[in-house]
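Inspection log for the structure reproduced underneath, given as structure tokens.
The values are calculated or read from the model by the stated rules, or taken from the named source; none is laboratory data. Just so it is clear, the model here is predicted, and its values are computed rather than measured. Every residue, glycine as well, gets a Cβ built from its backbone with ideal geometry; the counts of neighbours run over all protein chains shown.
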Amino acid sequence: MTCKVRVKKTTAATIDLLKLVEQCGVKAVAVHARYVTDRPKDKARWPLLKEVTELRPVSIPIIANGDVVVYDDIARCRAATGADAVMIARGASYNVAAAFSPQGKPFEEVMREYVRVAIDVDQYWTNAKYNLLYMAKNTNQWLNKTDKGRRIHTSKCFEDILGALDLLDYYDAARRRFALRRSELGLAAEDVAAVPAPLFEDDEAEISRVMARTLDRKHAEAPAHTADDDRAAAPPAKRARLDDEPPLMHQQQRQEEQRQGHGQMQVEGQQCSW
């Protein structure tokens, strides 16, 4: 178990908090070098964390957090705070490649990679747009003054985003791939979401296992069928006849229907019932 806190107004107060955290059984603590009242625009208070780590008040690792955006910030933060490790938060959302790799990647390339993943997992387009705008948050000049940035900012659907990033062909190929597999498996659209996207290309056996588990789950979640259900669904004339028949007869009739094949299907060679 780990924990994350913020620095307090005094070094002593921060140390008391860390000792309390350690006594609770926490194995490592991340310290955000900002006060509770500070906002992201306020500079992280690395010197305050340095005052704490120099005293080594706890035996558990202290992880520094705050204003670590690109790879070079990691070494600078550790040197300035004396922390055992560094936590990266918003920096990874801006450009994960720049945060964890000394070479980095242009954030447009990272955007394109992210959108490909969003397509593969069928992410809703508004969520994808939010994340893209967050990536561009530190580069408002790109967002407001380039054609791609403006098109993403004003997008009204996934196709608008894909057109801005030149990914419409990838999207069309993914849709054809999903439609093909849906047809081969005999699935409704809502069932396709249960199959991880990479499996549509790589592992037919795993697709079968996933679909069998999906059908088993639907069977388990379905309410138990009773004689009352038969009565409720029956036309008035049949309902009157059912009311005159003993309950055991309903059960025997249903068992006979199941033996004749009702409620069964084949999924990739596997027999599933519901």
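For the stretch 94-151, taking the residues that are among the basic types (K, R) and in contact (Cβ under 8 Å) with a residue 24 or more places away in the chain, the one that is nearest to Y170 (Cα to Cα) is identified as R116. Name every residue in the stretch 9-24 that is in a helix (DSSP H, G or I), of a type in the set (S, T, N, Q) and over 12 Å from S59 (Cα atoms), in order of residue number. Answer for the stretch 9-24, where residues must be in a helix (DSSP H, G or I), of a type in the set (S, T, N, Q) and over 12 Å from S59 (Cα atoms): T11, T14.
Of the residues in the stretch 46-55, at least one is more than 30 Å from E109 (Cβ to Cβ) and among the aromatic types (F, W, Y).
Being among the small types (G, A, S), within 16 Å of I88 (Cβ to Cβ) and either more than 28 Å from the chain's Cα centre (by Cα) or surrounded by fewer than 18 Cβ atoms within 10 Å (Cβ to Cβ) (or both) is a property that holds for A44.
Taking the stretch 90-108 as the range and being more than 18 Å from L132 (Cβ to Cβ) and of a type in the set (A, V, I, L, M, F, W, C) as the test, only F100 passes.
In the stretch 40-103, counting only helices (runs of 4 or more DSSP H) that sit wholly within it, the ones holding 1 or more residues that are in the same structural domain as A12 (by TED's automatic domain parsing) and modelled with pLDDT of 85 or more span 46-53, 71-81.
Matching residues to (1) charged (D, E, K, R); (2) on the phi < 0 side of the Ramachandran plot:
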{"residue": "K19", "(1), (2)": "yes, yes"}
{"residue": "Q23", "(1), (2)": "no, yes"}
{"residue": "V26", "(1), (2)": "no, yes"}
{"residue": "P47", "(1), (2)": "no, yes"}
{"residue": "V52", "(1), (2)": "no, yes"}
{"residue": "D67", "(1), (2)": "yes, no"}
{"residue": "V70", "(1), (2)": "no, yes"}
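Could you tell me whether K129 is surrounded by 17 or more Cβ atoms within 10 Å (Cβ to Cβ), of a type in the set (K, R) and touching a helix residue (DSSP H, G or I) at 6+ places or on another chain (Cβ under 8 Å)? Against the criterion (surrounded by 17 or more Cβ atoms within 10 Å (Cβ to Cβ), of a type in the set (K, R) and touching a helix residue (DSSP H, G or I) at 6+ places or on another chain (Cβ under 8 Å)), K129 qualifies.
Evaluated against (1) within 18 Å of N65 (Cα to Cα); (2) part of a helix (DSSP H, G or I), M135 falls short on exactly one condition, (1). Every condition in (1) touching a helix residue (DSSP H, G or I) at 6+ places or on another chain (Cβ under 8 Å); (2) more than 26 Å from M111 (Cα to Cα); (3) free of Cβ contacts under 8 Å to residues at least 24 places away in the same chain is met by I62 except one, and the failing one is (3). There is no residue in the stretch 8-26 that is crowded, with 17+ Cβ neighbours inside 10 Å, in the same structural domain as R78 (by TED's automatic domain parsing) and touching a Gly at 6+ places or on another chain (Cβ under 9 Å).
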